[in-house]
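Read through the structure below, which is laid out as structure tokens, and then see the notes.
The values are calculated or read from the model by the stated rules, or taken from the named source; none is laboratory data. Please read all numbers here as calculations on a predicted model, not as lab measurements. Glycine also receives a Cβ, built like all others from the backbone with ideal geometry; neighbour counts cover every protein chain displayed.
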Amino acid sequence: MHNFSSSIIELSESALQNNISFLKSQIAPNVLFSSVVKGNAYGHGIEVFVPLAERCGINHFSTFSANEALHAKRSLTNDSDIMIMGDMEGDSLQWAIENGIEFYIFDLERLHEAHSWAKKIGKKAYIHLELETGLNRTGLNNKSLETAVKYIQNNQDSFIIKGICTHYAGAETVNNYLRIQNQIKRFNEQCGWLRSRGLTGFLMHSACSAAMLTYPETQMDMVRIGIAQYGYWPSQETQMHYYLKNGVRDKKKIVDPLKRIIKWKSQITSVKEVEPGEFVGYGTYYLTQRKQKIASVPIGYAHGFARSLSNLGMVLVRGRRAPVVGLVNMNMMMADVSNIPDAKIHDEVVIIGKQKNLQMSVASFSDMTNYLNYEVLVRLPSEIPRVVVN
Ligand SMILES: *Cc1c(COP(=O)(O)O)cnc(C)c1O
């Protein structure tokens, strides 16, 4: 297959294997690990990531929308389960029930609709009841939960309750400690109430990456892990909490148990010498102070390299940092390689990831642009080819 893309994203299989092993070491062996692949697998590319994760031992995936579930389903190489945590547009309820895709129920309308499709198709709907515990986003409150349970018990042929679940209001920062504690308490009470109503056999699940790592009591029967499996801590607080809990006070002294999977790289398309006192690129954004060697790199804001990184960003060339000079254009930017004497055309340029001993982290990228890790990753355009490397 031809590939005329100006850059490529590599996913490291060994890094993913490492992260999954580490995360599994933090949960009991009987706790199910659901890999969250919403947002194009946090920018990693859902079609490439799903089979890769299956090779690393994953057999349950969570998406946000039905459309993402469709992509995930098409990419499966095993008979892994898929769960939709949010949007279900159009006739996706029908598709989900036909294909045994699990989905959240957070209002009575969806419950009724699922019932009528299940009857029509002659198959049961695999549902997870999402409970309101204090996030105040989606979720059944006590009153609608009671109505839902009656409805399900009266229509047992249409439903299998796979899970009872909730989501926390920001487990990655200690500011929310009390709110999270209240949610945990409420969730446990609600699950107790459901058992008292004769409901059993469901998986209780509530934890995202931060909750799983910071509040082990939230792990229950299943964890829904996004950001951490890709090698990023949900926040510095979560990371520090983990280090302190494990008796490490000096952050520099230990090896990060999480490894970044992604490497985004391109290459130099041209190098030229520019005389002192010349402007580089459009307008008057960058003035040479001496004779400088300027490399052009075929990455621009069309590829997700923010325009706000003009005169500010960094890329790696031959294991050294090269500052972005001038404006980031739509399809191209310039980097100063004056201090990298051997730099030449076709040299690898790393935008995110490791090169020799240096690393351009998504966090450093984020610091410069004020985007979160999550946000930088998820903005990586889906058109950039993803390939798996060891
Ligand atoms: C995104 C999401 C997760 C995963 O969150 P991370 O912080 O990336 O681990 C878990 N549960 C729900 C409902 C989500 O929307």
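Taken together, V350, V315 contain a single residue that is more than 20 Å from V389 (Cα to Cα) and among the β-branched types (V, I, T), which is V315. Just one of the listed residues (S296, S310) is within 28 Å of E375 (Cβ to Cβ), touching a Leu at 6+ places or on another chain (Cβ under 6 Å) and without any contact (Cβ under 8 Å) to a residue 40 or more places away in the chain, and it is S310. When residues in the range 223-241 are screened for being β-branched (V, I, T), more than 6 Å from the ligand (Cβ to nearest atom) and out of contact with any Leu (no Cβ under 7 Å at 6 or more places or on another chain), 1 of them pass. Annotation note: of G86, G139, G100, the sole residue that is within 21 Å of M222 (Cα to Cα) and surrounded by fewer than 17 Cβ atoms within 10 Å (Cβ to Cβ) is G100.
Selection of the range 323-366 for residues being among the aliphatic types (A, V, I, L, M), closer than 19 Å to L377 by Cβ and surrounded by fewer than 19 Cβ atoms within 10 Å (Cβ to Cβ) yields only A363. Comparison of N78, N59 shows that the only residue that is over 18 Å from L377 (Cα atoms), in contact with a Ser or Thr (Cβ under 9 Å, 6 or more places away or on another chain) and surrounded by fewer than 18 Cβ atoms within 10 Å (Cβ to Cβ) is N59. Go through the range 114-128 and give me each residue that's closer than 19 Å to N141 by Cα and free of Cβ contacts under 8 Å to residues at least 40 places away in the same chain. The one that is closer than 19 Å to N141 by Cα and free of Cβ contacts under 8 Å to residues at least 40 places away in the same chain: I127. Just one of the numbered conditions (1) out of contact with any Ser or Thr (no Cβ under 8 Å at 6 or more places or on another chain); (2) within 21 Å of V31 (Cβ to Cβ) is not true of S209: (1). Of all residues in the range 228-276, those satisfying the criterion of being part of a helix (DSSP H, G or I) and modelled with pLDDT of 95 or more are A228, Q229, Y230. If the condition is being crowded, with 18+ Cβ neighbours inside 10 Å and out of contact with any strand residue (DSSP E or B) (no Cβ under 9 Å at 6 or more places or on another chain), then the range 255-300 contributes P257, L258.
There is at least one residue in the range 335-346 that is touching a residue at least 12 places away in the same chain (Cβ under 8 Å), under 13 Å from K265 (Cβ atoms) and either assigned by TED's automatic domain parsing to the domain that holds F279 or polar (S, T, N, Q) (or both). Of the residues making up the range 190-221, those that are within 15 Å of the ligand (Cβ to nearest atom) and touching a strand residue (DSSP E or B) at 6+ places or on another chain (Cβ under 7 Å) are L203, M204, H205, S206, A207, C208, S209, M212, T218, Q219, M220, D221.
Of all the residues in the range 40-63, those that are within 16 Å of the ligand (Cβ to nearest atom), of a type outside the set (S, T, N, Q) and not in a helix (DSSP H, G or I) number 5.
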